[in-house]
Amino acid sequence: MIRAAGRVPHCDRDAKLSAGAGRFFGNAAARARSRGSFCAGTAESRSNKALHVDRYTVASLGSFDWRSALGAVTASALIVHGSLDVISADSAREWAMALPNARFALLEGVGHFPYLESPERFYPLVNAFLVENRSA
């Protein structure tokens, strides 16, 4: 890979990219725990995804409201949400309330990726949930 002046040409980690990925993290330093690259691809491909792909993907989902159908789901569910997530905790609470056998856990000070930002809190929650709901 060619580096110029300390920069990776295909991945401009300037304020624009950092702000884009950083807004999903309550603790931006936790981003380093990811094995994936938040700046994979070319600048053109990232721009195309943000401007076109994401918009059309969301639009293709329609305005479905599945909450009334969730009452028929009998499986246990654990919904873990970070208090600093860009997605409202209220929406996650609605899912938990609509599922008859759901538990909701809000992790304070955590963004969209609780398993990266706070593994010491996330994994014990998941483990306890799985042990509690293990089939006999």
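Just one of (1) surrounded by 10 or more Cβ atoms within 10 Å (Cβ to Cβ); (2) at pLDDT 80 or above fails for SER60. It is (1). Being touching a Gly at 6+ places or on another chain (Cβ under 6 Å), assigned by TED's automatic domain parsing to the domain that holds HIS81, aliphatic (A, V, I, L, M) and in contact (Cβ under 8 Å) with a residue 12 or more places away in the chain, is that true of even one residue in region 113-135? Checking region 113-135: not a single residue is touching a Gly at 6+ places or on another chain (Cβ under 6 Å), assigned by TED's automatic domain parsing to the domain that holds HIS81, aliphatic (A, V, I, L, M) and in contact (Cβ under 8 Å) with a residue 12 or more places away in the chain.
Restricting attention to region 73-102, the residues that are under 15 Å from the mean Cα position of the chain (by Cα) and of a type in the set (S, T, N, Q) total 3.
Among the residues that make up region 110-121, is at least one of them closer than 24 Å to GLY26 by Cβ, surrounded by 12 or more Cβ atoms within 10 Å (Cβ to Cβ), touching a helix residue (DSSP H, G or I) at 6+ places or on another chain (Cβ under 6 Å) and of a type in the set (A, V, I, L, M, F, W, C)? Within region 110-121, one or more residues are closer than 24 Å to GLY26 by Cβ, surrounded by 12 or more Cβ atoms within 10 Å (Cβ to Cβ), touching a helix residue (DSSP H, G or I) at 6+ places or on another chain (Cβ under 6 Å) and of a type in the set (A, V, I, L, M, F, W, C). Under the condition of being part of a loop (DSSP other than H, G, I, E, B) and within 24 Å of VAL73 (Cβ to Cβ), which residue from region 103-136 is farthest from the chain's Cα centre (by Cα)? Residue satisfying both the conditions and the ranking: ALA136. Within the set GLY82, GLY26, GLY41, the sole residue that is under 19 Å from TYR123 (Cβ atoms) and at pLDDT below 90 turns out to be GLY26.
Restricting attention to region 69-98 and to residues that are part of a helix (DSSP H, G or I) and without any contact (Cβ under 8 Å) to a residue 24 or more places away in the chain, the residue that is surrounded by the fewest Cβ atoms within 10 Å (Cβ to Cβ) turns out to be ASP90.
The values are calculated or read from the model by the stated rules, or taken from the named source; none is laboratory data. Note that the structure is a prediction, hence the values are computed from the model and not measured. Please note: Cβ atoms are built from the backbone with ideal geometry, for glycine as well, and neighbour counts cover all protein chains shown.
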